[in-house]
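Written below as structure tokens is the structure these notes are about.
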Amino acid sequence: MLLLCVLLSISLPAVRTDYVRPQPRKNLQFPWNPKHPSLPQQVHLSLAGENHMRISWVTDGKSAPSIVEYGTSPGEYTLSSQGEATSYNYLFYSSGKIHHTVIGPLEHDTVYFYRCGGQGPEFQLKTPPGQFPVTFAVAGDLGQTGWTKSTLDHIDKCIYDVHLLPGDLSYADCLQHRWDTFGELVQPLASARPWMVTQGNHEKEKIPFFTDAFASYNARWKMPFEESESASNLYYSFEVAGVHVVMLGSYTDYDELSDQYSWLKADLSKVDRKKTPWLVVLFHVPWYNSNYAHQGEGDGMMAAMEPLLYAAGVDLVLTGHVHAYERSKRVNKGKSDPCGAVHITIGDGGNREGLAQKYVHPTPEWSVFREASFGHGELKIVNSTHAFWSWHRNDDDEPVRSDQVWLNSLIGSGCLEEKTYESRKILFSP
């Protein structure tokens, strides 16, 4: 198993091209440049409950403090927070000291300047707004290629508040130094806006009798699972402006007897659509997929959890895994349904495995737009009833929208009122 894990991690399949375009730049190296042992590296942010953010970073020195100093003026740190630290071993690799410090309460839509560990460079972040409009950047299956860098450069040019990533971050695949190079690669963006992530198959690095499957991911990318009453970092929820976002785990148990299923049912039953009229869900493996890649892999999770999402009136589902882009109509039970969720597959962030170009023909009636190209999405939720989704192909300039659509929240559609007690009681049954 160990040999298989290592062999898989160093096997780099040839990148397949889409329509006429430059060859994907998959073999660029992003070296990890060690710094002074106490200086912060791989800095990234995540939301951590109402009006709070978690700042995470790594130091080589084990004695570096887990303190963050911050304020609203450059170089003037009027506030500070003390956090926690962890580390892990993976075969012959030992991580640095991984710090997680929660700061707040913070003002909405405000720029803060901060410093990690009492020394080193100053960073700045901007908190999300407290009300509409709010904008999310979305990119899954990132990896560390030239196309990844192109995706990040495109995202850096858009104005957004939170980054959503539906799984497959570093493509470390057991080679732990790749977690370090990925942290450095995304730091310019991830240190300035919160990155909310969930796990994909490339975060699963289990070696029997040696390590937990998600030891590296959980140690480095701590999400607000405790703040959302989840027992696992692999699934959680958070709220920003008027949006309730649920992050689910495709690679942890999801059947009706699982902890994740029970947590999801409880979380959805507590959503107040007057406070958060938009309900968005992310996970890695798509349920609606007309690409030949990964066909049927999400069927088990779909059978167990789609009834919960439908009963709750989920507006939008964002997934990855398939290395292409696809947008559906509102769907439920495998077909169009005006009271179901729109599903968008956006596993085209720049991974090293290339694009999934083969689609099922004829196109399913529920599929609206599909294309095998690298890119990212932007979701601007304008108010309680209207949002604008756009997908931006890397081959084009950032302002060019290759796919776009206005979305209406189910809160204003009558669907929630029309759903019978029978269809909604699944959320409240024991």
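The values are calculated or read from the model by the stated rules, or taken from the named source; none is laboratory data. Here the structure is a predicted model, which is why all the values come from computation and not from measurement. Cβ atoms come from the backbone with ideal geometry, glycine included; neighbour counts cover every protein chain shown. For accessibility, only protein heavy atoms count, side chains too; no ligands or nucleic acids. Shrake-Rupley method; radii C 1.70, N 1.55, O 1.52, S 1.80 Å.
Quick notes
- Global geometry of region 138-280, whether rounded, prolate or oblate, following the gyration tensor of its Cα atoms and the 1.5 cut on a/c: oblate
- The overall shape of region 88-156 is oblate: from the C-alpha gyration tensor, with semi-axes ordered a ≥ b ≥ c, the ratio a/c is 1.5 or greater and a/b is no larger than b/c.
- Cβ-based charge dipole, the chain, positive-most Cα from 81, 383, 39: 39
- From the coordinates of this entry, P(r) over Cα pairs in 20 Å bins from 0, in percent is computed, and it appears in [x] 27, 60, 13, 0; [y] 24, 54, 19, 2; [z] 17, 29, 21, 16, 10, 5, 1, 0 under the label [x].
- Once backbone amide H atoms are built at 1.01 Å from N, residue 144 has 352 as its partners under 5 Å, excluding neighbours fewer than 5 places away on the same chain.
- Loop sites in region 218-282: GluC sites (Glu not before Pro), DSSP, at most 16 other Cβ within 10 Å: 226, 229, 256
- For the chain, adding -39500 (n - 2.57) for each run of n ≥ 4 DSSP H residues and dividing by the number of residues yields -5000 deg cm²/dmol at 222 nm.
- Ligands, DNA and RNA aside, residue 253 has an accessible area near 110 Å² when probed at 1.4 Å.
- Think of each Lys and Arg Cβ as +1 and each Asp and Glu Cβ as -1; about the Cα centre, that makes the dipole of the chain roughly 400 debye.
- Of all lysines in the structure, the ones whose alpha carbon falls short of 21 Å from that of residue 149, not counting any fewer than 8 places away in one chain, are 26, 157.
- Rounded if a/c under 1.5, otherwise prolate or oblate - region 116-173, Cα gyration tensor axes: oblate
- Ordering of 197-205, 230-238 by burial proxy (mean other Cβ atoms within 10 Å per residue, highest first): 197-205, 230-238
- Among beta bridges identified by DSSP and lying wholly in the chain, the antiparallel ones come to about 80 percent.
- Ranked packing of 313-321, 39-47, 297-305, 182-190, most packed first, by mean Cβ within 10 Å: 313-321, 39-47, 182-190, 297-305
- Mean-position separation - Cα centroids, region 359-422 and region 67-136, in angstrom: 32 Å
- Under 5 Å between amide hydrogens, built in the peptide plane, is the criterion, and for residue 205 it picks out 214, 215 among residues at least 5 positions away or on other chains.
- Taking packing as the residue-averaged number of other Cβ atoms within 10 angstrom, the listed peptides 322-330, 260-268 run from highest to lowest as 322-330, 260-268.
- Remark on residue 161: its backbone amide H falls under 5 Å from those of 135, 136, 137, a criterion applied only to residues 5 or more positions apart or on other chains, H modelled at 1.01 Å from N.
- Given 222/425; 275/380; 206/425; 274/419; 274/425; 222/380, the pairs whose alpha carbons are separated by over 29 Å: 222/425; 206/425
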